[in-house]
């Protein structure tokens, strides 16, 4: 048994059929296109995580600043 219950011989037969249908040059082009797409996707996910972290830090700093400003501007009334 091979991967997921498919034998190695079956995988080789499928690979040969795909190579005959598309040709090796076309398969290389498809492979490089898929690799570029995955690379771009990973980069976008990483940038999204970095943006989320910086937004969280900015929000935290803003909330802290607002609370600090409100406490400075308060005056207590004595009766």
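Taking 0.36 nm per residue of separation and subtracting the Cα-Cα distance, what length does fully extending residue 50 through residue 30 add? Kindly include the intermediate steps, with their values, before the conclusion.
On the way: separation 20, 0.36 × 20 = 7.20 nm, distance 3.03 nm.
Taking 0.36 nm per residue and subtracting the Cα distance, the gain is 4.2 nm.
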**Kirkwood Rh and Cα Rg combined as Rg/Rh, the range 1-49** = 1.20
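Every read-out reported here was derived from the displayed coordinates using simple, explicitly stated rules and does not represent laboratory data. Please read all numbers here as calculations on a predicted model, not as lab measurements.
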